[in-house]
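Structure first, commentary second.
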Amino acid sequence: MQISFWGVRGSFPVCRAQSLRYGGNTPCLEIDAGEAVILIDAGTGIRAAGQALVERGVKEIHLLLSHAHWDHIQGFPYFAPLHQPGTCIRIYSLRRPGTALGTIFADQQRHPFFPVALDQQAARLEFVELDEGQVVEIGDTQVSSRRLNHPSVTGGFRLERQGRTFAYLSDVDLYTKLLLGEGLQTPSAAERQQRLAGLLAGVCALAHGADLAVCDTFFRPEDYEPSWGHSRPEDALRLARDTGIGQLVLFHHEPHRSDEEIDELLAHYRRQAGGGLEVLAAAEGLALSL
Ligand SMILES: [Zn+2]
Ligand SMILES: [Zn+2]
């Protein structure tokens with residue numbers, strides 16, 4: 001697998017001199033796995049990814065959507081393969097009770113928000129709603145998804161191919177005591193505890209033994225907000241230690257964080273990680289091979 005980063009910023013895109021090195025586009029990753037081209041999330045990074053895919057003549061694209069918050073879908077209307085006849089885009093995401101996946105994408109391009117409706121685009125679109133833990137085969141890659149503790153219905157992904165494993169864990173507050181996900185609320189404290197434990201077990205199942213994991217590290221300890229559903233680098237390091245992750249990529253950078261601040265965070269958490277765990281910070285243009 002080769003993992004390429006097209007967008008690494010959380011919440012909203014930024015364009016300013018202090019953030020150019022790590023990049024200002026919202027989340028989009030490309031995973032090249034043999035014949036299959038898999039994208040994860042459709043933030044503004046997907047615009048440049050799409051142009052590159054059209055130039056390469058790619059006609060079949062698989063898009064894994066973690067959730068429908070704006071920073072993860074807002075680039076999709078500008079995704080160049082949408083305008084290519086003979087192209088098939090298959091979109092996968094966890095099932096949302098009461099909201100079809102296709103409706104989420106169609107609504108984003110509905111009048112008066114966008115001039116061209118989704119069903120007028122040239123590409124063929126297919127929507128695959130996943131159940132938790134279900135394994136789908138994309139080419140020779142096995143993909144599974146589990147709920148994450150984040151507002152809305154949010155899924156993380158585990159991709160396995162030829163004995164190598166990649167985990168995508170954004171957006172998530174890994175160790176909070178607050179239950180944040182839509183449809184998970186319950187008045188019973190005991191049940192809430194049980195559901196929190198279940199969510200953490202799901203994250204651990206996605207991350208277990210991963211050669212590479214991309215993890216939400218939106219917050220620094222000093223600006224942590226427990227109700228937002230995002231993690232700190234120390235949470236990601238704890239998960240990495242608990243689950244045997246080999247390489248950890250800090251991701252979904254806070255939009256105001258400058259390149260220098262990300263450099264400082266990275267140096268600090270590399271020292272904390274010690275040997276045995278390699279820590280990187282996601283940057284646009286970074287490509288990693290597994
Ligand atoms: Zn996000
Ligand atoms: Zn989110």
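The values are calculated or read from the model by the stated rules, or taken from the named source; none is laboratory data. Fair warning: this is a prediction, and the values are worked out from it, not measured in the lab. So basically every Cβ, Gly included, is an ideal-geometry build from the backbone, and we count neighbours across all protein chains shown.
So, in the range 200-223, how many residues would count as being within 16 Å of ligand 2 (Cβ to nearest atom), part of a loop (DSSP other than H, G, I, E, B) and not hydrophobic (A, V, I, L, M, F, W, C)? Spell out how you get there, then give the answer.
Of the range 200-223, the ones within 16 Å of ligand 2 (Cβ to nearest atom) are 203, 214-219.
When the remaining residues are screened for being part of a loop (DSSP other than H, G, I, E, B), the result is 217-219.
If we keep only those that are not hydrophobic (A, V, I, L, M, F, W, C) as well, we get 217.
Residues in the range 200-223 being within 16 Å of ligand 2 (Cβ to nearest atom), part of a loop (DSSP other than H, G, I, E, B) and not hydrophobic (A, V, I, L, M, F, W, C): 1 in total.
Mind counting the residues in the range 64-91 that are more than 16 Å from ligand 1 (Cβ to nearest atom) and closer than 26 Å to Glu137 by Cβ? So that I can check it myself, show each step before the final result.
Here is the first cut: in the range 64-91, the ones more than 16 Å from ligand 1 (Cβ to nearest atom) are 77-91.
Next, from what is left, pick out any that are closer than 26 Å to Glu137 by Cβ: 79, 81-82, 84, 86-91.
Adding up the residues that qualify gives 10.
Of all residues in the range 220-247, count the ones that are more than 16 Å from ligand 1 (Cβ to nearest atom) and in contact (Cβ under 8 Å) with a residue 60 or more places away in the chain.
Of the residues in the range 220-247, 3 are more than 16 Å from ligand 1 (Cβ to nearest atom) and in contact (Cβ under 8 Å) with a residue 60 or more places away in the chain.
Look at Phe114 and say whether it is in a loop (DSSP other than H, G, I, E, B), over 20 Å from Arg146 (Cβ atoms) and in contact (Cβ under 8 Å) with a residue 24 or more places away in the chain.
Numbers: in a loop (DSSP other than H, G, I, E, B): yes; over 20 Å from Arg146 (Cβ atoms): yes; in contact (Cβ under 8 Å) with a residue 24 or more places away in the chain: yes.
So Phe114 passes the test.
Condition test on Asp259, is it over 20 Å from Arg21 (Cβ atoms), touching a residue at least 60 places away in the same chain (Cβ under 8 Å) and acidic (Asp, Glu)?
On the way: over 20 Å from Arg21 (Cβ atoms): no; touching a residue at least 60 places away in the same chain (Cβ under 8 Å): yes; acidic (Asp, Glu): yes.
In short, no.
Look through Thr165, Thr217 and report the one residue that is touching a residue at least 24 places away in the same chain (Cβ under 8 Å) and within 16 Å of ligand 1 (Cβ to nearest atom).
Going through Thr165, Thr217 in turn, the sole match is Thr217.
Are any residues in the range 1-24 assigned to a strand (DSSP E or B) and under 25 Å from His150 (Cα atoms), and if so, which ones? Outline the logic, then answer.
Here is the first cut: in the range 1-24, the ones assigned to a strand (DSSP E or B) are 2-7, 9.
Matches in the range 1-24: Ile3, Ser4, Phe5, Trp6, Gly7, Arg9.
Among the residues of the range 40-81, how many are hydrophobic (A, V, I, L, M, F, W, C), within 16 Å of ligand 2 (Cβ to nearest atom) and in contact with an Asp or Glu (Cβ under 7 Å, 6 or more places away or on another chain)?
1
With the structure loaded, tell me whether Gln272 is of a type in the set (S, T, N, Q) and outside any loop (DSSP other than H, G, I, E, B) or whether it fails that test. Write out each step before concluding.
Numbers: of a type in the set (S, T, N, Q): yes; outside any loop (DSSP other than H, G, I, E, B): yes.
Against the criterion (of a type in the set (S, T, N, Q) and outside any loop (DSSP other than H, G, I, E, B)), Gln272 qualifies.
Scan the range 108-140 for residues that are among the β-branched types (Val, Ile, Thr) and surrounded by 14 or more Cβ atoms within 10 Å (Cβ to Cβ) and report the count.
Step one: of the range 108-140, the residues among the β-branched types (Val, Ile, Thr) are 116, 128, 135-136, 138.
Still in the running and surrounded by 14 or more Cβ atoms within 10 Å (Cβ to Cβ): 128, 136, 138.
Qualifying residue count for the region: 3.
Would you call Val143 more than 16 Å from Leu239 (Cβ to Cβ), modelled with pLDDT of 95 or more and within 16 Å of ligand 1 (Cβ to nearest atom)? Show your work before the answer.
On the way: more than 16 Å from Leu239 (Cβ to Cβ): yes; modelled with pLDDT of 95 or more: yes; within 16 Å of ligand 1 (Cβ to nearest atom): no.
When the stated conditions are applied, Val143 does not pass them.
Per-residue answers, yes or no, for (1) of a type in the set (A, V, I, L, M); (2) within 19 Å of Gln18 (Cβ to Cβ); (3) out of contact with any strand residue (DSSP E or B) (no Cβ under 9 Å at 6 or more places or on another chain); (4) buried (at least 17 other Cβ atoms within 10 Å of the Cβ):
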| site | (1), (2), (3), (4) |
| --- | --- |
| Arg220 | no, yes, yes, no |
| Gly229 | no, no, no, yes |
| Arg232 | no, no, yes, yes |
| Arg238 | no, no, yes, no |
| Asp242 | no, no, yes, no |
| Leu248 | yes, no, no, yes |
| Ala267 | yes, yes, yes, no |
| Val279 | yes, no, no, yes |
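If a residue must be charged (D, E, K, R) and within 16 Å of ligand 2 (Cβ to nearest atom), how many such residues does the range 147-177 contain?
Kept after step one, since they are charged (D, E, K, R), are these residues of the range 147-177: 147, 158, 160-161, 164, 171, 173, 177.
Those left that are additionally within 16 Å of ligand 2 (Cβ to nearest atom): 147, 171, 173.
Here the count works out to 3.
Report yes if Leu148 is within 16 Å of ligand 1 (Cβ to nearest atom), hydrophobic (A, V, I, L, M, F, W, C), touching a helix residue (DSSP H, G or I) at 6+ places or on another chain (Cβ under 7 Å) and more than 23 Å from Gly102 (Cβ to Cβ), otherwise no.
Working: within 16 Å of ligand 1 (Cβ to nearest atom): yes; hydrophobic (A, V, I, L, M, F, W, C): yes; touching a helix residue (DSSP H, G or I) at 6+ places or on another chain (Cβ under 7 Å): yes; more than 23 Å from Gly102 (Cβ to Cβ): no.
Answer is no for this residue.
Are there strands (runs of 3 or more DSSP E) fully within the range 25-70 with at least 2 residues that are in contact (Cβ under 8 Å) with a residue 24 or more places away in the chain and of a type in the set (Asp, Glu)? List them.
Details: elements: 28-33, 36-40, 60-64.
Where strands (runs of 3 or more DSSP E) fall fully within the range 25-70 and carry at least 2 residues being in contact (Cβ under 8 Å) with a residue 24 or more places away in the chain and of a type in the set (Asp, Glu), they are 28-33.
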